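Notes follow once the structure below has been shown.
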Amino acid sequence: MLAQTLFRSRCCQWLTATGFLLLLSGCGVDDVQPTTLERVKADGVLRVVTRNSPATYFQDRNGETGFEYELVKRFAEDLGVELKIETADNLDDLFNRLNAKDGPVLGAAGLVISPGRQARANFSHAYMDVTPQVIYRHGAGRPSSVDDLLGKHIVVLKGSSHAEQLAALKLQYPQLSYEESDAEEVVDLLRMVDEGQVDLTLVDSNELAMNQVYFPNVRVGFDLGDATRVGWAAAPGEDHSLQDEANAFLDTAKENGTLQRLKERYYGHVDVLGYVGAYTFAKHLQERLPRYEQHFQQAAKPLQLDWRLLAAMGYQESLWQPDATSKTGVRGLMMLTQNTAQAMGVVNRLDAKQSIRGGAKYIAQIKQELPESLLEPDRTWFALAAYNIGGAHLEDARKLAKAEGLNPDKWLDVKKMLPRLAQKKWFSKTRYGYARGGETVHFVQNIRRYYDILTWVTQPQLEDRQIADNNLHLPGINKTPPAEVLAPL
Ligand code: GLU
């Protein structure tokens, strides 16, 4: 603010001294350039550049999401303006855009406030501490010090704080060699280590926490230095108006608990997400399902759905817990978003019966809207995938399948393409960008497994059997029960 005031008073002096000329040209004090904050408010739009990544910003079936997105959205709401997000191709591109005339005014992308970036941005107060971590593949020998980095194939993101760190380290260790990639995202780096394509990478602790569940082989070797601070980046220069406003917002978010709640929502449950043991399932089958079985049956019947499919979905979503709440704010037994619940006529998402009815209507609607060319039983798996990831991303995966010479109407083929939506090489070519396609494959697989088990353990009524047999070609009642599930019963 001070710099801005100084800047303005200097302008005034200059204007007084050149008053005559100004008078001739018809200019006045009112022509002083507006500050960035004034421009944002006048335009009614906050333009923010970010990275398309699970820790920052991405689209899921409920629309735009991600920790950075949510935080910056609140800032825009605070300013009373609309938020407009754009995604950069890589970190260099992000800073270039921020420095461009008429470009976005703020960078919100898990950006470490590093010494090398001071010339490229005015950083806000920090809102998160992260630690740079050396990542290796389990079984390949744990690196534990800088000496262990020598002679290894290391890849980091171009323009990242880690590239900066390694460059500084190289002054001390000239034999250190590493690659910088501008074509990859953190998810790609982790996958490359997981699959043994590269020996090591460096990522920040928050990014690893968010992604580790998808990369079972990656491990932390050691922390390369102390915790670093993460902040928003505004364009460099004298104009600190937006930065000051952002600081005030972040300080308040820290004080009133908003920041903590967002961190909990996005990072609090990352390690347990999606993992359910067979033993637990069997236990819940006895203890929880009987309470909701009737609701599933009542919801399924008028929609010509198999109630066990709904029950399997309910288990995958909430473990049959009517008061479940997820990191993205979806709630209830069928984990509906506020919007979906409203559209499906659900008044109280925490009411199990309503939630089940809402989920049933929603999956039936999705199923109906799928292209004609998708036939059962695949149609059901596609509907589940769309329920999880959204129809737009599913369409992207189908297009990728087609381009690969695979059949976009076959679940088996599209299933192979879905994980690609999390790899920059592929998602940069799609219309709707990054998506956790791998998670969707797990989602569908889990539901199918629960569905199979439920089919076996329940005594189906004739009507239900007909629906199941006609539409889904489910395994019959004589199928051997999955031993691991039946044992504890
Ligand atoms: N946080 C990193 C940076 O500021 C980028 C993402 C990461 O690798 O964790 O450059």
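No lab work stands behind these numbers, since they all come straight from the coordinates. Bear in mind that the values here come from a model prediction, so they are computed numbers and not experimental data. A quick note on method: Cβ atoms are made from the backbone with ideal geometry, for glycine too, and the neighbour counts reach across all protein chains shown.
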- Item | In nm, spacing of pseudo-spin labels at Lys402 and Gln294 (7 Å Cα→C-beta vector) | 4.8 nm
- Cα-based Rg / Dmax (Å) for the stretch 174-274: 17.6, 49
- Normalising by the residue count of the stretch 40-126, find the relative contact order in percent from Cα pairs under 8 Å and 6+ residues apart. 37 percent
- Message: If the reach is capped at under 15 angstrom between alpha carbons, list the aspartates and glutamates near Lys415, excluding any in the same chain fewer than eight residues apart.
- Response: Asp378, Glu395, Asp396, Glu404, Glu439
- Normalised per residue, the volume inside the convex hull of the alpha-carbon atoms of the stretch 288-392 in Å³ amounts to 93 Å³
- Entries of Lys101/Lys254; Lys283/Lys353; Lys152/Lys263; Lys73/Lys158; Lys84/Lys416 with Cα pairs more than 25 Å apart: Lys101/Lys254; Lys152/Lys263; Lys73/Lys158; Lys84/Lys416
- Residue by residue through the stretch 331-345, the couplings from Karplus 6.51 cos²θ - 1.76 cosθ + 1.60 with θ = phi - 60°, in Hz, x for Gly and Pro, are 9, x, 4, 9, 6, 8, 7, 4, 5, 4, 4, 4, 4, 8, x
- Extension reserve of the Glu395-His153 stretch, reckoned as 0.36 nm per residue once the Cα distance is removed: 83.5 nm
- Message: Full-extension gain between Asp182 and Asn217, please, as 0.36 nm times their residue separation minus the C-alpha to C-alpha distance.
- Response: 10.2 nm
- Note on the structure: Calc'd 3J(HN,Hα), the stretch 423-432, phi into Karplus 6.51 cos²θ - 1.76 cosθ + 1.60 (θ = phi - 60°), Hz, glycine/Pro = x, comes to 10, 4, 3, 9, 5, 5, 9, 8, 6, 9
- Compute the distance in nm between two label points, each set 7 Å from the Cα along the Cα-to-Cβ direction, one at Leu375 and one at Ser144. 6.0 nm
- Reachable aspartates and glutamates from Lys301, Cα under 17 Å, same-chain residues fewer than 8 places away excluded? Glu293, Glu463, Asp464, Asp469
